1. Among the listed residues 179, 192, which satisfies the condition of being in the same structural domain as residue 148 (by TED's automatic domain parsing), over 14 Å from the mean Cα position of the chain (by Cα), on the phi < 0 side of the Ramachandran plot and modelled with pLDDT under 90?
2. Going through region 30-45 one residue at a time, which ones are part of a helix (DSSP H, G or I) and over 13 Å from residue 115 (Cα atoms)?
3. Does residue 160 satisfy being surrounded by 15 or more Cβ atoms within 10 Å (Cβ to Cβ) and modelled with pLDDT under 95?
4. Tell me the helices (runs of 4 or more DSSP H) entirely within region 53-126 that contain at least 3 residues that are more than 18 Å from the chain's Cα centre (by Cα), buried (at least 18 other Cβ atoms within 10 Å of the Cβ) and modelled with pLDDT of 80 or more.
5. Is one or more of the residues making up region 234-242 in a loop (DSSP other than H, G, I, E, B), surrounded by 18 or more Cβ atoms within 10 Å (Cβ to Cβ) and modelled with pLDDT under 80?
6. Regarding residue 264, is this residue closer than 22 Å to residue 133 by Cβ, at pLDDT below 95 and in the same structural domain as residue 26 (by TED's automatic domain parsing)?
7. When residues of region 141-176 are filtered for being in contact with a strand residue (DSSP E or B) (Cβ under 8 Å, 6 or more places away or on another chain), in a helix (DSSP H, G or I), in contact (Cβ under 8 Å) with a residue 40 or more places away in the chain and within 14 Å of residue 30 (Cα to Cα), how many remain?
């Protein structure tokens, strides 16, 4: 266990030199490219006529994102059941997963993935140029819950990264090939119907996609993980990392380091008096916070420059 309370850029530079770094990338990474945050996406989904969410969208953005998405999925299913039901005689949505449920599941996911592409806002070119230096960190594996294609198309050349979008893609990986990007929650362009958005879909993922789950667990055990563009309140990484700690964290031979870049000006504002407690919570989970005063792109560029100079 690390003795220091906070990590430093030099820690990541050392890991990068050893080529033992794994990046776990969240929505905060894609925001400078114009993509919405989770909160922004939830608002767009809630405002769609096919959903017709009647309460204030503020209540959604303050909730667990997976739970909020579950509520919107329920509203969508209820509103569109009769149309999807067609000639079937069922008057109410059954509790079992019927063909109508599966159809609505697919339609909801496809609508959400369209929202991601349609909701692109202004780009921050200065930060984009800095984030594009990510390959200089020499990560061998990248995990992401993002649906967009920023990492594989904007940051890495398509030919210089191996992409896993579903379990069958694991069979074609080359051990001596380019870095591996694992898109844990799906892709807004390819197979949008298989995207993981809701609470139910996430726990189905944990139960069914055993190979991808095993890969995540092995990654936490083998690599030093750096969380970028996340807060540990994001339930998807919270569950994934907590599962790792439960399975392997007590075994000394599996103990590894994990770091999270904490953008101070945002987290202090968001958490207020709870900020210090949250940092202590990260350390209790064996995640070393790296407090950073600027933007995420500035952090990536700083590490990249030091890696190149070393």
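The values are calculated or read from the model by the stated rules, or taken from the named source; none is laboratory data. Nothing here was measured: the structure is a model prediction, and the numbers come from that model. Virtual Cβ from ideal backbone geometry, glycine too; neighbours counted across all protein chains shown.
1. Just a single option satisfies the conditions, and that option is 192.
2. 31, 32, 33
3. no
4. Helices (runs of 4 or more DSSP H) meeting the threshold: 65-85, 99-118.
5. yes
6. yes
7. 1
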